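Working notes, structure below.
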Amino acid sequence: MSNLIRCQNGHLFSARRYGTVCPYCNIETATREKKETGIKSESELEELLLLQEVSPVCGWIVCISGPRQGKGYEIKSGKNFVGRADDMDIQILGDEKIARRNHGVIVFDPKKRETVLLPGDSNGIVYHNDAAVYVPTVLNSYDVIEMGDSKFVFVPFCGENFMWQENNVAGEKS
């Protein structure tokens, strides 16, 4: 079964990435999903959704300039590959100057409690506060990241003042 589904307005999107809500028009496509998976009731759908692994958010980048201005993207623990392709951890659509795969990498390191920006392995250059990124660069609150024709502001969640614990229960600063 393909992980791509189509909403009633014809948008094609990844069910793996977005679940049953179309990211373009915010329309629930649960009925379509039910047909494809053979789910009979809302409770069966809810049970399946609860079985999906949850990766707690560690921060965000928010588009402040470019085709997706106003859209936020979650940063999870570990490496977050950025590009336009469907299999990217952070998929940025609409900016053709952003490489399809691995334009840049945003890493949250739980041991160091910091977020780092890395250049990707594509031809595109990533900028941090107007300087090209060639080596790992630590991100601070409200730093500006530029890729293609888009600019993003980094907003941390985990770090010095908050960290998720192993059992995903919120923890205080240790």
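Take the Cα of Leu50, step 7 Å toward its Cβ, do the same at Lys79, and the gap between the two points is 3.5 nm. Computed from label points 7 Å out along Cα-Cβ, the spacing between Ile64 and Tyr142 is 0.8 nm. Assuming R0 = 22 Å, can you tell me the calculated FRET efficiency for the pair Asp130 and Asn161, based on Cβ-Cβ distance, to the nearest 0.05? FRET efficiency, Asp130 to Asn161: 0.20. Here the label points at Ile27 and Leu12, each 7 Å from Cα along the C-beta direction, are separated by 1.7 nm in the simple model.
Bear in mind that the values in this text are calculations on the coordinates, not laboratory data. All figures in this text were calculated on a predicted structure; none of them were measured in a lab. No Cβ is skipped: glycine too gets one built from the backbone with ideal geometry, and neighbour counts run over all protein chains shown.
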